[in-house]
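Chemist: My questions will all concern the structure given below.
The values are calculated or read from the model by the stated rules, or taken from the named source; none is laboratory data. Every value quoted in this text rests on a predicted model; they were computed, and no experiment measured them. Ideal geometry is used to build each Cβ from the backbone, glycine not excepted, and the neighbour counts take in all protein chains shown. Calculation scope for accessible area: heavy atoms of the full protein, side chains included, ligands and nucleic acids excluded. Shrake-Rupley method; radii C 1.70, N 1.55, O 1.52, S 1.80 Å.
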Amino acid sequence: MNSTLRWVGGKVGTSVLTLLFVLVFNFFLFRMLPGDAVRSYTRGRQVDPEQLAALRRSLHLDDSLWTQFAAYMANPLTPDLLSLQFRQPVYSVIADRIWPTVLLVGTATVLATVIGTWMGIRSAWRAGSGFDKGSTTFAIVLYAMPEFWLGMLLLMAFSAGVGFMPGIFPSGGMSTPGVEPGAAQVQDLLAHLVLPVATLTLAYLAEYALVMRSSLLDEIGSDYLTTAKAKGLRDALVRRRHAVPNAVLPTITLIFLNIGFVIGGAITVEVVFSWPGLGQLTYQALRGPDVPLLQAIFLIISVGVVVANLAADLLYGVLDPRVRTA
């Protein structure tokens, strides 16, 4: 019991230290950007010097580096920290964009997990078959393909009017203006979801398929599987009860890491499809540059990834007790 508590405490402590490192890194990262953040935000327009000075004071840019750092350490928890671009509290701006991103990336992650894991299991169990060769080639091609390029191909094929099935799905956004609330609104939302979800699903499933295939191939030659087959167990039962539970551990790590990235969105895909989520918001903040908003987004994404990684580590210890004593 004590060893388990020490193991859990070590994992939690490591995650806390990681978050502290992220906070420090976040501070210095955005102060290494070239140029003057305030001048960049004004984009060369003529601005009253008093307004520029007030903006600098609000960002603590006139203070010493350590004074700026002390102010920054309070900023992540300051609810009224203003976005330079939207003139609203940064967490209010972010809150409006979380649901679209969770809907888009969460849906794609679930679909990619189910389809990709199934492809990996089937390919490994029938290694060398036509399905294995075809699905592995398909996964490698998808894995090497940039997400934004795949999204543009789907747009041209199914939306932009130049493909073999033009105009079936909307080309961008999350909704069509003027649609009546109710069933029509839900149908319109689903239509807008199809292309960006398909893009992310195709991009993500390759990871699950390749990792699951490789992990299961490592297990297939194990003695315990040979023993299970010698006892007369059916092939499907050996795969489901013995091989897959041991081979799925690396895939679980990948699943939880991608869950951590759900809240961060997919910047390129959201920009291509004009999806109003955190990915699109990050792109807008970078163009500013809106440093307070960027810092808040970076922190939220980092927290999501660290927490998801901690959950994966703890689940590892539950599924495989040997991890706790390693």
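Chemist: Could you run the Karplus curve 6.51 cos²θ - 1.76 cosθ + 1.60 with θ = phi - 60° over segment 110-118 and give me ³J(HN,Hα) per residue in whole Hz, x for Gly and Pro?
Modeler: Computed from phi, the couplings for segment 110-118 are 4, 5, 5, 4, 5, 5, x, 5, 4 Hz.
Chemist: Let me ask something else about it. For segment 193-210, just list the computed ³J(HN,Hα) in residue order, Karplus coefficients 6.51, -1.76 and 1.60, θ = phi - 60°, integers in Hz, with x standing in for Gly and Pro.
Modeler: 6, 4, 5, x, 5, 4, 4, 5, 4, 5, 6, 7, 5, 4, 4, 5, 5, 5
Chemist: Relative contact order (percent) for segment 126-211, with alpha-carbon contacts under 8 angstrom and 6 or more residues of separation?
Modeler: Across segment 126-211, relative contact order equals 35 percent.
Chemist: Among 206-212, 95-101, 9-15, how do they line up from the highest to the lowest mean number of other beta-carbon atoms within 10 Å? Please report the intermediate quantities before stating the final value.
Modeler: Values: 206-212: 23.4, 95-101: 17.3, 9-15: 13.3.
Packing proxy ranking, top to bottom: 206-212, 95-101, 9-15.
Chemist: Taking amide hydrogens as modeled 1.01 Å from N in the peptide plane, which residues meet the under 5 Å criterion relative to Trp275, leaving out close sequence neighbours?
Modeler: Those qualifying (amide H under 5 Å, at least 5 residues apart or on another chain) are Gly173.
Chemist: Starting from the 7 Å offset along Cα-to-Cβ, what nm value, one decimal, do you get for the label separation of Asp96 and Thr137?
Modeler: Result: 4.9 nm between the two label points.
Chemist: Counting only heavy atoms of protein chains, what accessible area per residue, in Å², does segment 93-192 have with a probe of 1.4 Å? Numbers along the way, then the final one.
Modeler: Values: 5520 Å² over 100 residues.
Accessible area per residue: 55 Å².
Chemist: Another question, then. Of all accessible surface on segment 80-136 at a 1.4 Å probe, what whole percent is carbon and sulfur? Let's see the in-between values first.
Modeler: On the way: 1760 of 2680 Å².
Its accessible area is 66 percent carbon and sulfur atoms.
Chemist: With a 1.4 Å probe and all protein chains left in place, how much of the accessible area of segment 263-306 comes from carbon and sulfur atoms, in whole percent? Numbers along the way, then the final one.
Modeler: On the way: 860 of 1250 Å².
Accessible surface attributable to carbon and sulfur in segment 263-306 totals 69 percent.
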